[in-house]
Amino acid sequence: MSPKKEEKQTAGFEESLQKLEEIVQQMEDGELSLDEMITRFEEGSKLVKVCGEKLTEVEQKIQVLVQGNDGKPSLKDFDDDSAQLKKETT
Amino acid sequence: MNRPDNTPLDKTARPAPRAEAKVNDKPTEERHFTVSELNRALQRTIAEKSRVISVEAEISNLGNSRGNLYFSLKDKHSEIAAMIWRSDAQMIRTEPKNGMKVRVKGQAEFNPKRGKMTFMVKVLEDAGKGALHEQFERLKAKLQSEGLFEAGRKKRLPAYPRKIGLVTSATGAAVRDMIHVLTRRFPHLHIIVFPAKVQGEGAAQEIVSMIQLADRGSLDALIVGRGGGSLEDLWAFNEEVVARAIAACKVPIISAVGHETDTTIADFVADKRAPTPSAAAEILVPELAEVLRGVERLKRRMSQEAELRLARLQNRFQAAAKHAVLREPEIIVERFRQRLVTSQAALPRVLLDQAKELRFRVQRSQQDLVHATQSQLRFTEQKLDSLSMKLPQALIEHTKDMRYQLQSSQRELAHATETQLKATKQRLETLSEKLQTGMEKQTLQRRNRLERAQGQLRTLSPFKTLERGFSITRKPDGTIVRDPASLKAGDAIETIFAEEKKILSEVSKNQKGSTS
């Protein structure tokens, strides 16, 4: 076990957000020329859109790992299970 | 020392044999103690000798009076009365029961009023659990010495996890709590439940294999835990295999075992400890609404900055448009006019040509000026147009307003320029008229002078004399004969009369001093 492990990338949202923050910072520092500012603005606007998309691109899915008949684990919808469980308990 | 004993203990012990020896003696010096004295002495002695100790025993005769617990501590051979004050009882988590093997910590005290020895218990724990505690401490020390709890090896939790694993019981309240909190905060999640037995025989092993399985599932983060329970219920999370599986897992893990007060080995090894499963869910995912608000804030800051820059640009443009050169092109024209005036003072001969040239140049300058002004305005307008195309809806209003202002200032500018040009042209025409008049005057003057000169010339002409009847005599070589002596007989002479009439004659005789 090495103490430093590679951190997983999380769907690029964090990176996009970080870039967006940098752009806003650069614009607010006010050192950009007009053309640069326009370029950054366009870039930033794109990133805002990307961020929005990235946040919602994953569809809600709740699954549970089950042992199949062949002994191999597979995923199945968790809601069915919980509904069943509720019926059993009541 | 030799004085009569005044305490019922210690010092009476030594003289006792003597007293015994003289048992029949009259106990003249013997002192009769009261029970109170005896008990107080016993109390003092016990208090001196007694210290806080730990005792292992079984509980019996458990009773409760106003929250104070009374019971006996016993083993196979002996027993002693014991009690726990209510205030201490509240601090003890283990509930004592008859027949329970316990470890108690406290101090023996003698109650002088009742002459009874009581073991005052401050700390009580289940002896069985006490063994577990030792086990816990041993494992904790061992793993700690291996560096498994070090902050440096803890993995950072992802700020925006999308695929999350839950290693827990699929049937407990904990799993439902976690799913509820997770999806409420952040609906766009993929959650996979890795069902494991979390208590009893084989629980630790199941937890381990589920962590290992989850580690292969390309997850962003993992919550390992269960709801509240007794120390035994939670024990699987204090097992070494579980601790090692958590440490080995490459996916960041939040431990969430029991309630806030429960601390397990798993909590020390995990990358993050949550007090409860619900809390783990809250720690792990942000609220989507909050994240979106954050992005919105950034967007607003960006737009505001762009707007500010554009507004500043607009101000600069307006300031430039108001500049004298643009607003009053006549200043430039005036400069040319000045030169024209200066030139007018120059030689009349070149005056007209130069005036023409200057006039042409002034006209060209005017055209250039108007052209340049218009194209500059057009350029700026185009630039602003392209900016407005690039900036979002929020800025379009602003730009529209600006364009309107631009157009109106352009109109004003055009109008002002036109008026100026008209005025300049008019002035030029006046100027040119003056120039013309000046020229004509000068020409007339010259003609007059000429005529005057001609008149004078005419007056002075010899022919005028001839008209009065005089004549001029010339030699054939044209020299005027002023002295007749210069002529001799036979010389040809020419006589000129008025209106250039001439006759030729010959001198016949020269009479000195007279003219023929």
For A:Lys61, residues with placed amide H under 5 Å, excluding near neighbours: B:Leu189, B:His190, B:Ile191
Take B:Thr479, B:Thr45 and order them by how many other Cβ atoms sit within 10 Å, fewest up front. B:Thr479, B:Thr45
Whole-Hz Karplus ³J(HN,Hα) for segment B:230-237, in order, using 6.51 cos²θ - 1.76 cosθ + 1.60 and θ = phi - 60°, x for Gly and Pro? 6, 4, 5, 4, 8, 4, 3, 7
Segment A:13-56: D in µm²/s via Stokes-Einstein (Kirkwood Rh, Cα pairs, 37 °C, 0.692 mPa s)? 312 µm²/s
Hey, can you grab everything whose amide H is under 5 Å from the amide H of A:Val66? Only 5+ residues off in sequence or another chain; H modelled, so Pro and N-termini drop out. A:Ser74, A:Leu75, A:Lys76
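How much FRET efficiency would the formula 1/(1 + (r/R0)^6) give for B:Ala127 and B:Arg66, where r is the Cβ-Cβ distance and R0 is 30 Å, rounded to 0.05?
FRET efficiency, B:Ala127 to B:Arg66: 0.65.
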Placing each pseudo-label 7 Å from Cα in the direction of the beta carbon, B:Val35 and B:Trp85 end up separated by a distance in nanometres of 2.6 nm
Mean per-residue count of partner chain Cβ within 10 Å for B:296-307 equals 6
Determine how many Å³ per residue the convex hull of the Cα atoms of segment B:201-254 encloses. 72 Å³
Would you mind putting B:137-147, B:33-43 in packing order, based on average other-beta-carbon counts within 10 Å, highest first? B:33-43, B:137-147
Provide the per-residue ³J(HN,Hα) series for segment B:270-278, in order, calculated from phi with Karplus coefficients 6.51, -1.76, 1.60 and θ = phi - 60°, each as a whole number of Hz, with x at glycine and proline positions. 4, 5, 8, 9, 10, x, 9, x, 4
What distance in nm separates the two pseudo spin-label positions at B:Ile92 and B:Ser145, each 7 Å out from Cα along the beta-carbon direction? 3.4 nm
Under the Karplus curve 6.51 cos²θ - 1.76 cosθ + 1.60, θ = phi - 60°, whole-Hz ³J(HN,Hα) for segment B:195-205, x wherever Gly or Pro sits: x, 9, 5, 10, 8, x, 4, x, 4, 4, 4
Extending each Cα 7 Å along its Cβ direction at B:Ser508 and B:Ile480, get the distance between those two points in nm, one decimal. 2.8 nm
Efficiency of FRET between B:Gln367 and A:Thr56 - r from beta-carbon atoms, R0 56 angstrom, step 0.05: 0.40
Any chance you could run the full-extension gain for B:Gln107 through B:Glu201? It's 0.36 nm times the residue separation minus the Cα-Cα distance, nm to one decimal. 29.9 nm
Can you work out the PRE-style zone for B:Arg44? Point 7 Å along Cα to Cβ, and I want the residues of segment B:113-140 with backbone N under 16 Å. B:113
Grab the beta carbon distance between B:Phe379 and B:Ser408, set R0 = 30 Å, and tell me the FRET efficiency rounded to 0.05. 0.95
Measuring from centroid to centroid over Cα atoms, what is the spacing of segment B:42-60 and segment A:58-77 in Å? 61 Å
Expected output is a single nm value to one decimal: the length gained when fully extending between B:Ser54 and B:Lys250, i.e. 0.36 nm times separation in residues minus the C-alpha distance. What is it? 66.1 nm
Nonlocal amide H pairs with B:Ser169, under 5 Å, H built at 1.01 Å: B:Ala196
Specify the inter-centroid distance of segment B:134-150 and segment B:205-252, based on alpha-carbon positions, in whole Å. 17 Å
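Every number here is computed from the coordinates shown, using simple stated rules; none is lab data. Quick caveat: nothing in here was measured; it's all calculated off a predicted structure. So basically every Cβ, Gly included, is an ideal-geometry build from the backbone, and we count neighbours across all protein chains shown.
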